[in-house]
Amino acid sequence: MSNAKPVKLAWFTPTTQNDYWKVNGVGIEAAAKARNATVTTFDAGFDEQKQYAQIQDAIATGKFDAFLVTPVDASGVVPAIAEAAEAGIKVVCGNYPCGSNWETPVSDAEGVVAQTGIPEASLGKSTGQLIVEACEGKDPCEVAQLPGAMIPAEEALFDGVKQVLSSHPEIEIVARVEAGYLAAPAQAATQDILQSNPDLDVVAASSDAMAAGIELAVKAAGVEDQVKIIGLAGGQRGLAKVRSGTWFGTVMMYPFDEGMYLVDQAVRAVRSQRFRAGINPAEELAWPMVFTKENSAEFGDYSGQWAG
């Protein structure tokens, strides 16, 4: 669906060096080409003040019809977004929300016309679902949860986990340790957790990269048959590990699709076409929200949209 007049988009991303956002960008460029739009990328280098200034500078140029915003600081970016809206620029947020709503894909921030992404609370509920499945037949079932950092997104995710586990008194979170979204700190954290909790049954991480570190610690301790590993990313690495039986499961994510929806929402808003205020990419597919060896046949030969 193209249009004679190109739509000029500015994409504000925390970084272009992260694998997830790299694929996000590929989806954005593909959709822009299909919708007769151009994209200028602004990399904030994970600096919230820099991103705020980038948005203000882009407003001042008067060159852009719409902004695509993945915020470094979900709440801190809101005043800049309001400025953009006042200047007549359509703002669509993605991946992380703009504002404080971590429960649904619809933003609660003033000036945001649409948003796309899998809400952190939804990722947490999916993680909780996997924990329940991994704990089947165990009473009690001891679980450790590894967030990448103690940030609002992770707290929203953990709230989702707790919501699911609240109806399963046999499941106990015995440890929660920050592991930096990397394999090495996740390996070290898991080694410490296993020493303190020798009867541990499940370790769930908020990234597949951390799950890889958990795997190393579990193998080193010789408890592969005891401890089940849960990741989050739904990328090539995680899907392969689950298919082989090395990990129990991973929560699905779709960065390419997310980028496509970001552009589609923005272009529709600029051209006064119908669009949705919130899109969860995972709900647009007929597949389950989680991937396990048991349900892998439903995904066919799907191998993921990113490395994970």
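Listed here are the residues, each with its yes/no results for (1) under 30 Å from Thr250 (Cβ atoms); (2) in contact with a Lys or Arg (Cβ under 7 Å, 6 or more places away or on another chain).
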residue	(1), (2)
Ala53	no, no
Ala58	no, no
Ala66	no, yes
Glu83	no, no
Cys93	yes, no
Count, please, the residues in the stretch 89-99 that happen to be closer than 14 Å to Leu157 by Cα and open to solvent by 30 Å² or more (accessible area, probe 1.4 Å).
1
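Yes/no matrix, rows are residues, columns are (1) in a strand (DSSP E or B); (2) open to solvent by 20 Å² or more (accessible area, probe 1.4 Å):
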residue: Leu9; (1), (2): yes, no
residue: Tyr20; (1), (2): no, no
residue: Val23; (1), (2): no, yes
residue: Ala31; (1), (2): no, no
residue: Phe42; (1), (2): yes, yes
residue: Gly45; (1), (2): no, yes
residue: Gln54; (1), (2): no, yes
residue: Asp57; (1), (2): no, yes
(1) buried (at least 16 other Cβ atoms within 10 Å of the Cβ); (2) assigned to a helix (DSSP H, G or I) all hold for Lys219 apart from (1)
Candidates Val242, Val251 - the one that is over 21 Å from Asn24 (Cα atoms) and either out of contact with any Ser or Thr (no Cβ under 6 Å at 6 or more places or on another chain) or modelled with pLDDT of 95 or more (or both):
Val242
Report, by residue number, each residue of the stretch 242-259 that is in a helix (DSSP H, G or I) and crowded, with 23+ Cβ neighbours inside 10 Å.
Val242, Pro255, Glu258, Gly259
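Here's the yes/no breakdown for (1) in contact (Cβ under 8 Å) with a residue 40 or more places away in the chain; (2) buried (at least 16 other Cβ atoms within 10 Å of the Cβ); (3) under 19 Å from the mean Cα position of the chain (by Cα):
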site	(1), (2), (3)
Arg176	no, yes, no
Ala189	yes, yes, no
Asp192	no, no, no
Ser196	no, no, no
Before we move on, is Ala217 aliphatic (A, V, I, L, M), closer than 30 Å to Ala74 by Cα and modelled with pLDDT of 95 or more?
no
How about the stretch 198-243: which of its residues are free of Cβ contacts under 8 Å to residues at least 24 places away in the same chain and of a type in the set (D, E, K, R)?
Lys219, Glu224, Asp225
Meets criteria (touching a residue at least 60 places away in the same chain (Cβ under 8 Å) and either open to solvent by 40 Å² or more (accessible area, probe 1.4 Å) or under 13 Å from Ser207 (Cβ atoms) (or both)) for Lys162
no
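Residues checked against (1) of a type outside the set (Gly, Ala, Ser); (2) over 16 Å from Glu133 (Cβ atoms); (3) touching a Pro at 6+ places or on another chain (Cβ under 9 Å):
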| residue | (1), (2), (3) |
| --- | --- |
| Gly222 | no, yes, no |
| Ala240 | no, yes, no |
| Gly245 | no, no, no |
| Val263 | yes, yes, no |
Can you name the residue in the stretch 106-133 that is over 12 Å from the mean Cα position of the chain (by Cα), in a loop (DSSP other than H, G, I, E, B) and in contact (Cβ under 8 Å) with a residue 60 or more places away in the chain and, of all such residues, is nearest to Lys63 (Cα to Cα)?
Ser107
Would the stretch 100-114 turn up any residue that is over 25 Å from Pro79 (Cα atoms) and either open to solvent by less than 60 Å² (accessible area, probe 1.4 Å) or of a type in the set (S, T, N, Q) (or both)?
no
Would you check if there is a residue in the stretch 136-147 being under 26 Å from Met260 (Cβ atoms) and in contact with a helix residue (DSSP H, G or I) (Cβ under 9 Å, 6 or more places away or on another chain)?
no
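The values are calculated or read from the model by the stated rules, or taken from the named source; none is laboratory data. Because the structure is a prediction, the values reported are computed rather than measured. In this analysis, Cβ positions are derived from the backbone assuming ideal geometry, glycine residues included, and neighbour counts consider all displayed protein chains. Accessible surface areas use protein heavy atoms only, side chains included; no ligands, DNA or RNA. Shrake-Rupley method; radii C 1.70, N 1.55, O 1.52, S 1.80 Å.
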